[in-house]
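Everything on this sheet refers to the single structure shown next.
The values are calculated or read from the model by the stated rules, or taken from the named source; none is laboratory data. The structure displayed is predicted, hence computed values, not measured ones. All Cβ positions, glycine included, derive from the backbone under ideal geometry; neighbour counts span all protein chains shown.
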Amino acid sequence: MAEDQFEPKIVAFLCRWCSYTGADLAGTSRTEYPPNVIPIRVMCSGRVDPTFVMKALADGADGVLIAGCHPGDCHYQEGNYKTMRRYPMLLNLLDQFGIERERVRLEWISASEGDLFAAVVKELTETVRALGPLEWNATAPAAAVVESA
Amino acid sequence: MAKKITVNPITRLEGHGKIDIFLDDAGNVERAFFQVPELRGFETFSLGRPAEEMPRITPRICGVCPTAHHMAATKCLDDLWKVEPPRTARLLRELAYSAFMVEDHYIHFFFLGAPDFVVGPTAPPAERNILGVIAKVGMEIAGKVIRVRRENRQLMETMMGKVIHPVFGVPGGVSRGISEEERKQFLETAEFTIEFAQFALQLFDNVVLKDKEYLDIVLSDTYNHKTYYMGLVDENNKANFYAGQVRVVDPEGKQVAKFTPRDYRDYIAEHVEPWSYVTFPYLKKPGWKGFVDGAESGIYRVAPLARLNAADGMATPLAQEAYEKMYETLGGKPAHATLTFHWARLIEALYSAERMKELLEDPEITGDEIRTLPTETPSEGVGIVEAPRGTLIHNYWTDENGLLTKVNLIVATNHNAAPIAMSVEKAAKGLIKGGEVSEGLLNMVEMAFRAYDPCLACATHSLPGQMPIIITIYNPRHELLREIRRDG
Amino acid sequence: MADKPKVAFYWCASCGGCEETVVDLHEDILKVVELVDIALWPVALDFKLKDVKTWQPGEVTVAFINGAIRLSEQEEWVKLLREKCPLVVAFGSCAHLGGIPGLANDKTRREILANKYQRLPTVENPGGTVPQEKCRVDGYELELPGFWKQVKTLDQVIDVDYYLPGCPPPPNLVADAVTAILEGKLPPKGSVLAPEKSLCDACPRKDSKPERLSITEFKRVATSIPDTEECFLAQGYLCMGPATRSGCGERCIQGNMPCRGCFGPTPGSLDQGAKILSTICSVAEADTAEAAADYADTLADPLGTFYRFSLPASLLGGSRREKE
């Protein structure tokens with residue numbers, strides 16, 4: 001039943017100039033999208049330190065969205081390029097941590113793309129729902145322990 | 001019902017160990033177990049890592065002998081990538097390695113082993129340590145001990161980047177060479193070290209060999225096992241610590257095997273017991289027959305005495321002289337007296353010092369060619385060196401990108417695990433009679449393992465956790481009868 | 001005449017390198033022994049648990065504890081030392097961040113046991129024997145301590161006053177720390193007793209680091225020869241320098257090998273691995289998603305490289321392979 005369904009918690013880092021405005025547009029346009037996203041406004045997607053992503057996942061998030069201006073349109077010229085360069089390495093690292101790549105998403109969403117924001121959130125929510133809860137702190141890092149017979 | 005005495009933990013060695021001794025009704029020792037309660041999992045947690053990181057990861061198995069792991073790992077990488085280092089690189093590696101053998105042997109002898117002889121095996125425990133040794137031998141000698149260690153470690157740091165956890169080993173060579181100025185400075189160190197090494201042997205002669213009580217202890221049956229012996233030898237069957245073939249001799253001193261590193265798995269296997277985290281290597285031929293001596297049992301020993309037994313001699317003159325003198329005193333080869341490991345250790349230090357001088361006088365030591373780059377695809381490699389505490393084997397398998405898929409390490413003291421257990425049990429049986437458990441027990445039983453200079457962190461690729469010694473004795477109703485402690 | 005202050009050294013899951021670094025004070029150790037009494041040092045002296053239990057609170061001024069924590073026995077010891085000593089210093093990378101043994105948090109216990117006692121090629125173990133916490137052998141009962149499920153840093157078990165970083169901490173930092181304690185000139189509680197700037201600031205190669213660093217792909221020292229003078233990152237070798245605290249004397253750099261981060265993160269950084277990832281990717285020569293992905297693929301084993309010494313201290317703590 002719907003009440004028992006797992007509701008993913010997704011932290012979204014949205015850049016102030018493009019993506020956050022785009023999200024506002026989805027809101028003012030009354031476009032429906034799932035309530036699973038917790039938005040955090042940053043001045044630029046380049047501000048998103050990988051530390052933030054890890055902290056979000058370690059502290060209870062099931063997924064993370066990073067959204068910024070399209071390449072070439074960054075208010076600070078290069079900020080989103082830095083994000084673009086960090087993203088695949090971060091996913092490779094999360095692979096090794098045993099965290100599915102699909103939980104962390106980077107998207108380019110401009111100020112006028114309210115519909116795109118809604119579509120991304122909807123799709124990411126379903127993807128993470130299918131993956132199940134991460135519950136990072138509920139599971140101990142698996143490490144060397146002797147098992148008694 | 002057996003009474004149980006637990007010694008936990010043991011001291012003046014690297015690592016965590018405990019000894020459980022079971023007495024029968026007459027108070028004599030029925031069985032004794034030397035248990036090693038640690039494990040870290042280097043062979044597993046290094047999987048998936050690039051193989052070239054192993055010379056920087058494996059030294060963390062042991063901070064006392066990190067250079068041994070660093071060198072075994074580096075040589076393993078040579079074999080993994082099928083690349084031969086240029087001669088200068090070989091010389092540099094062996095130079096740093098020789099300095100390491102010197103300083104590590106002396107740390108053991110003066111800090112860990114000597115207190116039993118210089119201060120006395122039954123001396124009050126509070127004095128039976130390095131500070132007691134210094135009080136006995138005086139500041140001038142103490143100053144020399146500190147100096148020989150400091151200069152050799154300075155050499156190592158300059159050559160290898162760091163002295164604790166070196167960095168310079170790479171497949172096909174080393175990351176940096178030495179200048180002419182450094183060479184001259186190191187030569188002074190080598191010469192001082194040779195002088196010191198002879199002094200150390202003289203000290204051993206004066207303090208131990210000329211003392212009838214000590215000599216009796218050394219030659220007694222309590223500390224004696226007839227086992228096989230293993231060590232690396234060069235093409236002339238002389239002992240070499242950096243490279244060579246592995247040679248094994250039987251309890252009579254006859255060669256039974258000589259193999260290249262790559263073939264080690266044809267000769268050595270490891271036995272597992274539920275009561276210790278350390279595994280027990282043995283020779284496949286004659287096989288595992290339990291914790292027993294003799295030619296029918298696959299038990300073998302490594303480290304100084306074993307190396308000297310397995311070789312036909314030392315490759316440098318002063319060490320050769322000392323080697324001959326030792327065997328003459330002991331009545332021939334091979335020598336089985338466990339406490340003579342201390343003596344052999346000092347002879348090895350002398351050889352290493354002489355070898356340092358030889359290497360530093362080789363004109364190619366300051367050469368520029370320090371690296372051959374790999375061109376082959378890696379798959380499997382084996383690297384073997386003689387660590388101060390015995391034969392050290394690193395064996396890696398990787399995928400075609402050089403990421404580790406399997407790692408097998410047999411670490412020096414590991415080979416001695418069964419002999420140590422046997423030595424401890426034999427000493428306990430020989431010394432504890434009729435339920436009398438005295439202060440002497442504590443130390444005399446411990447001397448049985450201390451001679452091997454065990455590194456239990458190495459043996460289990462484990463983490464030592466150390467505590468002082470407590471012996472508790474319970475009767476069959478588990479009532480505490482007596483507690484013996486180590487302070488005076 | 002006032003008694004000399006007392007100090008204690010204790011080791012948990014360690015390799016002994018932190019002990020050796022104290023002995024590397026060489027002649028200076030004789031000076032140290034003149035200024036302080038060593039009340040506990042298991043590698044060299046025979047004081048024991050019973051003695052520690054008799055210490056009056058404050059009798060022993062400071063406990064230097066090295067090694068990571070993974071045995072209940074170690075937990076007991078460090079809690080006792082915390083109770084007795086006004087000052088506790090986490091000594092070395094293992095106590096500070098988890099250290100190299102912390103890499104075990106990347107593997108499961110099952111893998112480690114099965115590998116060591118059953119699968120490795122030299123092990124002859126047809127019965128599948130595995131060491132047990134309790135067992136009976138020929139009628140004798142024997143015990144071994146059990147392990148925790150994960151490797152922990154010292155401050156994940158007890159409150160820590162100061163940290164001495166490094167694998168091991170260099171002797172001069174050790175001497176400085178002892179002096180600061182004896183003179184009562186310590187920084188605020190919780191400080192790391194080492195400089196605040198990153199390694200790059202102290203690096204002998206810093207002048208060769210370009211204003212605008214740009215890396216096209218990562219090289220490996222296995223298959224190339226590092227230049228002896230140029231900044232490693234500029235050459236294309238992964239170097240942890242930008243994300244690592246200075247104070248080590250840059251010994252690895254002088255050995256012509258790149259930094260691997262043993263001094264831990266710079267102040268204010270919550271996660272050393274995340275920081276270095278951010279740095280080395282920001283300077284990637286890549287302007288498309290494909291190029292960025294290709295760039296990432298030239299670096300093998302990011303987890304083991306970025307968190308070589310700090311996995312237990314990281315935000316995620318270790319890789320997750322099995323649910324509880």
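So here's what we get for this one:
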| quantity | calculated |
| --- | --- |
| Boolean, B:GLY298 is surrounded by 23 or more Cβ atoms within 10 Å (Cβ to Cβ) and assigned to a loop (DSSP other than H, G, I, E, B) | yes |
| Wholly enclosed helices (runs of 4 or more DSSP H) of segment A:14-111 bearing at least 2 residues more than 22 Å from A:ASN137 (Cβ to Cβ) | A:19-28, A:79-97 |
| Selected residue (criterion: surrounded by the fewest Cβ atoms within 10 Å (Cβ to Cβ)) from residues of segment C:284-303 that are facing chain A (nearest Cβ under 8 Å) and within 21 Å of C:ASP106 (Cβ to Cβ) | C:ASP297 |
| Matching entry among C:VAL23, C:VAL7, C:VAL43, C:VAL36 (being facing chain B (nearest Cβ under 8 Å), closer than 23 Å to C:LYS53 by Cβ and of a type outside the set (Gly, Ala, Ser)) | C:VAL43 |
| Residue under evaluation C:CYS281, criteria (1) outside any loop (DSSP other than H, G, I, E, B); (2) within 13 Å of chain B (Cβ to nearest Cβ); (3) of a type outside the set (Gly, Ala, Ser), criterion not met | (2) |
| Unique match (being in the same structural domain as B:PHE186 (by TED's automatic domain parsing) and buried (at least 23 other Cβ atoms within 10 Å of the Cβ)) among B:ALA311, B:ALA353 | B:ALA353 |
| Answer residue from segment B:143-174, given it is in contact (Cβ under 8 Å) with a residue 60 or more places away in the chain and among the small types (Gly, Ala, Ser) and is surrounded by the most Cβ atoms within 10 Å (Cβ to Cβ) among those | B:GLY169 |
| Residue, farthest from C:GLY98 (Cα to Cα), within segment C:225-265, restricted to residues that are buried (at least 21 other Cβ atoms within 10 Å of the Cβ) and of a type in the set (Val, Ile, Thr) | C:ILE253 |
| Residue pairs meeting the criteria (Cβ under 7 Å; at least 6 apart or on separate chains; first under 26 Å from C:GLY184 (Cα atoms) and more than 9 Å from chain B (Cβ to nearest Cβ), in segment C:58-77; second in a strand (DSSP E or B) and at pLDDT below 90) | C:VAL60/C:ALA39; C:ASN66/C:TRP11 |
| From B:ILE370, B:ILE432, residue being farther than 20 Å from B:ILE107 by Cβ and either under 16 Å from the mean Cα position of the chain (by Cα) or at pLDDT 95 or above (or both) | B:ILE370 |
| Pairs with Cβ under 7 Å, 6+ apart, first in segment B:251-268 and free of Cβ contacts under 8 Å to residues at least 40 places away in the same chain and away from chain C (no Cβ under 14 Å), second among the charged types (D, E, K, R) and assigned to a loop (DSSP other than H, G, I, E, B) | B:VAL256/B:ASP250 |
| Test: residue in segment A:61-80 that is touching a Leu at 6+ places or on another chain (Cβ under 9 Å), under 30 Å from C:GLN156 (Cβ atoms) and not hydrophobic (A, V, I, L, M, F, W, C) | yes |
| From B:GLN198, B:GLN154, residue being polar (S, T, N, Q), out of contact with any Cys (no Cβ under 7 Å at 6 or more places or on another chain), farther than 30 Å from B:CYS76 by Cα and at pLDDT 95 or above | B:GLN198 |
| Members of segment B:239-294 that are at pLDDT 95 or above, part of a loop (DSSP other than H, G, I, E, B) and of a type in the set (S, T, N, Q) | B:ASN240, B:THR260 |
| Breaking point among (1) in contact (Cβ under 8 Å) with a residue 60 or more places away in the chain; (2) of a type outside the set (Ser, Thr, Tyr); (3) not assigned by TED's automatic domain parsing to the domain that holds B:LYS210, for B:GLU296 | (1) |
| Residues located in segment A:22-63, provided they are crowded, with 20+ Cβ neighbours inside 10 Å and over 16 Å from the mean Cα position of the chain (by Cα) | A:LEU25, A:ALA26 |
| Any chance C:VAL7 is modelled with pLDDT of 90 or more and more than 20 Å from the chain's Cα centre (by Cα) | yes |
